[in-house]
Amino acid sequence: MTTVEARSLPMTRTTPFDPPAELAQLPPISRLLYPDGHVGWLVTGHALAKEVLADKRFSSRFELRRFPISRGGEPFKPQGAQPGFFIGMDAPEHTRLRKLLTGQFTVRRMRQLEPRIEEITQARIEAMRAHGSPVDLVQEFALPIPSLVICELLGVDYADRDEFQTQTARLLDLELKQSETLAARDAVNEFMLDLVAQKRRKPADDIMSGLVQHDDLTDDELAGMGFLLLVAGHETTANMLGLGTMALLHDRTQWDALRADPSLVENAVEELLRYLTIVHFGTVRTAIADVPLGDVVVRAGDAVSISLPAANRDPSRFEEPDKLDLHRPTQGHLTFGHGIHQCLGQQLARIEMRIGYCALIDAFPNLRLAVEESAIPMRTRMAIYGVHRLPVEW
Amino acid sequence: MKAEANREVCIGAGMCVLTAPTCYDQDDDGTVVVLRAEVAPGDEQAVRDAADSCPSGAITFVE
């Protein structure tokens, strides 16, 4: 057996849309050096990524989780999931909580929301017109749309957005130390506990009011679930709207193709999801048994990072994977994950993107960047990739 | 081809409803239901894709 030196996770991007080039040079599974000195694994192959994510011998429990990159220059210390935060739990704890929410996010329920999402989106188009060209697409369009939608769904007052948007931005900021992100977490938790109390006093027609009816959920669990939905519900789609628009403007033929044929939008959304894969690291599992994987054996206790961007650009699954092609078959991309933790809000995200891109193209067919592409600040040091700002003009 | 689903392992992601809507739906709790077990010849690839993309392995079929 040959010994291969473990390397830390490649993080340097040379273009705005492509993952670090070194990832493509790696075998489907390779050794990875974690910041705390642990030598675990990195999966970059599509088939193996799917296998790990679907196998319950790879645990999602946060108390076991090692992070592949440091936070604020320090190794991340495993920290148990707060109550209700079910992405950091395994079955059956995970399943008990997730099942209470799946009925709220079905394909049918999400389609019923379409007219309201259209309204919200059109109001943002009007806000852009009122502001005038040029405008920061992130502030006026990409961030408000999913934030407004998730606030309405949960029953959060949108006027309180500064509070949770500032704190969630801190949660995702890799330059902050773990102690600082924990303080941000506590602040969002306080905010959600207040919301739970408010919904108990005065229930309305929203998800949090529905959840407080469950006697077997504690206030801390309710707050944790609300926290998860709030964070997952706006930063992700917001970055897809911002970065996706930038990608379409970068390759104007794609923008024009979508403009000429709006029926292309469903596949366009899937292809942008695949091509951009904004959850660019941090999908980590911990082996709780020895598991043969490809041509290696992962030992119990080993950390396994799954690079979703690399898996989505695996040439054995997607032809010419580095090309953005709105017409290509996109079946099987792993942007929403795989296995029991696959994104609960994915149908909502799809609709927000479909409506968002179409509205933008329809309202501003000649939209273009207002600055050089190289001047766009990229979110390379955030847990969710994207653009910090996107100045556009028309 | 016969479309099948295991409601016990379903996590309600909805991929089957998007991919093979003639054969699969979700109930009010989000759990999969088989709408039509006998798969029309034109829908066979959609059912294969639904099984491939099902995150929890709930979607299966018999050729």
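FYI, it's all coordinate maths here, none of it is from the lab. A quick note: this is a predicted structure, and the numbers were derived from the prediction, not measured. In this analysis, Cβ positions are derived from the backbone assuming ideal geometry, glycine residues included, and neighbour counts consider all displayed protein chains.
Structure summary
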| item | result |
| --- | --- |
| Count of residues meeting criterion [closer than 19 Å to A:PHE336 by Cα and within 11 Å of chain A (Cβ to nearest Cβ)] in segment B:5-25 | 11 |
| Subset of segment B:46-63 [farther than 15 Å from B:VAL9 by Cα, more than 11 Å from chain A (Cβ to nearest Cβ) and either of a type in the set (Gly, Ala, Ser) or in contact with a strand residue (DSSP E or B) (Cβ under 8 Å, 6 or more places away or on another chain) (or both)] | B:VAL47, B:PHE61, B:VAL62 |
| Positions within segment B:32-45 being within 12 Å of chain A (Cβ to nearest Cβ) and either surrounded by 20 or more Cβ atoms within 10 Å (Cβ to Cβ) or assigned to a strand (DSSP E or B) (or both), in sequence order | B:VAL32, B:VAL33 |
| Only one of A:THR286, A:THR330 that is within 14 Å of chain B (Cβ to nearest Cβ), hydroxyl-bearing (Ser, Thr, Tyr) and touching an Asp or Glu at 6+ places or on another chain (Cβ under 8 Å) | A:THR330 |
| Hits in segment A:1-29 - residues which are more than 30 Å from A:HIS250 (Cβ to Cβ) and either under 24 Å from the mean Cα position of the chain (by Cα) or loosely packed, with under 13 Cβ neighbours inside 10 Å (or both) | A:MET1, A:THR2, A:THR3, A:VAL4, A:GLU5, A:ILE29 |
